[in-house]
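Working notes for the structure below.
The values are calculated or read from the model by the stated rules, or taken from the named source; none is laboratory data. Quick caveat, the model's predicted, so the values are computed rather than measured. Ideal geometry is used to build each Cβ from the backbone, glycine not excepted, and the neighbour counts take in all protein chains shown.
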Amino acid sequence: MSLKTKFPTDFVWGTATSAYQIEGAAALDGRGPSIWDAFCDEAGRVANGDSGDQACDHYHRFREDIALMADMGVTAYRFSISWPRILPDGTNSTLNQAGIDFYNALIDCCLEHGIQPWATLYHWDLPQALQEHEDGWLNPAMADRFADYAAVCFEHFGDRVKHWITINEAWVVAILGYGQGVFAPGRTSNVEPYQVAHHLLLAHAKAVDIYRRQFKPAQSGLIGITNNCDWREPKTDSQADREAAQRALEFFLAWFADPIYLGNYPDSMREYVAERLPVFTEAERDLVLGSSDFFGLNHYTTMYASQSGDQVQESAVYGNGGLSEDQQIDLSVDPQWKKTTMQWAVVPWGCRKLLHWIADRYKNPPIYITENGCAYDDHPVDGEVHDQARIDYYAAYLEECAHAIEQGVDLRGYFAWSMLDNFEWASGYGQRFGLHYVNFETMERIPKASARWFKAQLNPEG
Ligand code: GBH
């Protein structure tokens, strides 16, 4: 029996990418630099000195890539729009027509193949001019800059794009960009992440407000935000560890989802972060509350959480799940768990538990998993890539998704990360998440065994 039969017939099946990770053509056709171009230029920031200058050259090869998606049988493609390709200096004083043309062609190509375009407006590539001259996401004015840019996208693409995602993973921007400093713009602080997060939430909400008032009446699409969350399992059955795991999830996901679904930051954060946590004005609260038509979720892995002792634990790869001293939490993994090359543990049941946690806390919202996937050390052997571990990962995670749906969770779609091997941020090209292998010298694409497996699941009749 194919996997597809375990899901509702209108379930959305897709793959996902993001602009800076695949497009390349960084200096072409009027694109302005982003904070990731600048970050890659700083010595020691990205493994191997890699950058997204060429990436997968998707800018020139999108037709081939979309044909590969169509061949898999997916019905949706989640991509992101590069803000500096549309507005090179970040402001709408200069519109880059070549950028508009590119996304028009991309969107049309999707539709010609029967693939619904799901567009993310911000997947971390802030125009460098806004960072340099306006202090980026530390500046509350970024929310208006973002809303202006979003409106340009709605105006040009909203006749065909019916699913919008405002911000990808505000947690990553705040924590990895401003807390741990391992992502652009590379700052380390225990105050700035909370300010940046506040501004990202307001940016999201302003864009949604504009969409709903000015565009939705004619375009009638849906708009939401995508947050990321790894599952946190209590390390022991003790009351302290159960509270620790709950608190860890609140600092991870409820940080962003509570204001949108419940109207404020979680109590635990207000208590533990205290005066460093911004306070919503009444007008802000009203703007943010109810500002997502669906619950976008990126999920990859699971860790145990326990109440921290005196020693704050050192990081795994991207660190300890946030500012752990603020949470008073220690994280660990079971040595039995398999790991991907990112060192992230493969724990399929964590995905089901997280889906239930969201359904319980937010009154069963419609959820789309907008990213789930894994990196392995893939290489072609006689022209084929045998990534059985990736097939096992997807099969097991999707099995847990099917269970969650059976048990009443309103999960409506699933996007595999990623369509292609690509520029994996601070890891450069050293981590391969793709369903398709990319030879970064020749730019040749090879569907991995996992892509063929997906195809078989999605086309049970062959
Ligand atoms: C996503 O972020 C991004 O949206 C995407 O661009 C990226 O390519 C993809 O994932 C793969 O990285 O070190 O064990 O504590 C992922 C967010 C946050 C997920 C940190 C894993 C750390 C696990 N990640 N989390 S651990």
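Any residue at all in the range 92-106 that is hydroxyl-bearing (Ser, Thr, Tyr) and either within 16 Å of the ligand (Cβ to nearest atom) or modelled with pLDDT under 95 (or both)? The answer is no, given that none of the residues of the range 92-106 is hydroxyl-bearing (Ser, Thr, Tyr) and either within 16 Å of the ligand (Cβ to nearest atom) or modelled with pLDDT under 95 (or both).
Which one is nearest to the ligand (Cβ to nearest atom), of the residues in the range 433-443 that are closer than 22 Å to Gly49 by Cβ and more than 17 Å from the chain's Cα centre (by Cα)? For the range 433-443, the residue satisfying everything is Val438. Taken over the range 402-428, the criterion of being under 18 Å from the mean Cα position of the chain (by Cα) and not small (Gly, Ala, Ser) is satisfied by Leu411, Arg412, Tyr414, Phe415, Trp417, Met419, Leu420, Asp421, Asn422, Phe423, Glu424, Trp425.
When we screen Glu284, Glu325 for residues that are within 30 Å of Leu202 (Cα to Cα), at pLDDT below 95, not hydroxyl-bearing (Ser, Thr, Tyr) and not in a loop (DSSP other than H, G, I, E, B), the only hit is Glu325. Which of the residues spanning the range 64-106 are on the phi > 0 side of the Ramachandran plot and crowded, with 24+ Cβ neighbours inside 10 Å? Result: Gly90, single match. The number of residues in the range 371-388 being more than 21 Å from the chain's Cα centre (by Cα) and surrounded by 19 or more Cβ atoms within 10 Å (Cβ to Cβ) comes to 3. Summed over the range 14-27, the residues that are touching a Phe, Trp or Tyr at 6+ places or on another chain (Cβ under 8 Å) and surrounded by fewer than 20 Cβ atoms within 10 Å (Cβ to Cβ) give a count of 1. Taking the range 9-75 and the helices (runs of 4 or more DSSP H) fully enclosed by it, the elements with 2 or more residues that are without any contact (Cβ under 8 Å) to a residue 60 or more places away in the chain and within 21 Å of the chain's Cα centre (by Cα) are at 58-72. Within the range 111-118, one or more residues are within 16 Å of the ligand (Cβ to nearest atom), assigned to a strand (DSSP E or B), within 26 Å of Tyr368 (Cβ to Cβ) and modelled with pLDDT of 95 or more. So, in the range 416-432, of the ones that are surrounded by fewer than 23 Cβ atoms within 10 Å (Cβ to Cβ) and in a loop (DSSP other than H, G, I, E, B), which residue ends up farthest from the ligand (Cβ to nearest atom)? That would be Gln431. Taken over the range 281-301, the criterion of being under 29 Å from Lys353 (Cβ atoms) and surrounded by 19 or more Cβ atoms within 10 Å (Cβ to Cβ) is satisfied by Val288, Ser291, Ser292, Asp293, Phe294, Phe295, Gly296, Leu297, Asn298, His299, Tyr300, Thr301.
Taking the numbered list (1) more than 16 Å from the ligand (Cβ to nearest atom); (2) part of a helix (DSSP H, G or I) in turn, Trp255 passes all entries but (1).
Pairs linking a residue in the range 216-234 that is within 16 Å of the ligand (Cβ to nearest atom) to a residue that is aromatic (Phe, Trp, Tyr), with Cβ atoms under 6 Å and 6 or more positions apart or on different chains, are Gly224/Phe294; Asn227/Phe256; Asn228/Trp171; Cys229/Phe252; Glu233/Tyr304. Scanning the range 267-279 for residues that are out of contact with any Lys or Arg (no Cβ under 7 Å at 6 or more places or on another chain), under 26 Å from Asp209 (Cα atoms) and in contact (Cβ under 8 Å) with a residue 40 or more places away in the chain turns up just one, Pro278. For the range 328-350, taking the residues that are within 19 Å of the chain's Cα centre (by Cα) and assigned to a helix (DSSP H, G or I), the one that is farthest from Gly177 (Cα to Cα) is identified as Pro348.
For the range 161-193, residues that are away from the ligand (no atom under 16 Å from the Cβ) and crowded, with 24+ Cβ neighbours inside 10 Å total 1.
Of a type in the set (Gly, Ala, Ser) and under 21 Å from Phe415 (Cβ atoms): is that true of Ala170 in this structure? When the stated conditions are applied, Ala170 passes them. Taking the condition closer than 29 Å to Phe183 by Cβ, among the aromatic types (Phe, Trp, Tyr) and in contact with a strand residue (DSSP E or B) (Cβ under 6 Å, 6 or more places away or on another chain), does Tyr368 pass? Here the answer is yes, as Tyr368 does meet what is asked. Please tell me if Tyr318 is within 16 Å of the ligand (Cβ to nearest atom), at pLDDT 95 or above and part of a loop (DSSP other than H, G, I, E, B). No, not satisfied.
Taking the numbered list (1) in contact (Cβ under 8 Å) with a residue 24 or more places away in the chain; (2) within 23 Å of the chain's Cα centre (by Cα); (3) within 13 Å of the ligand (Cβ to nearest atom) in turn, Tyr368 passes all entries but (3).
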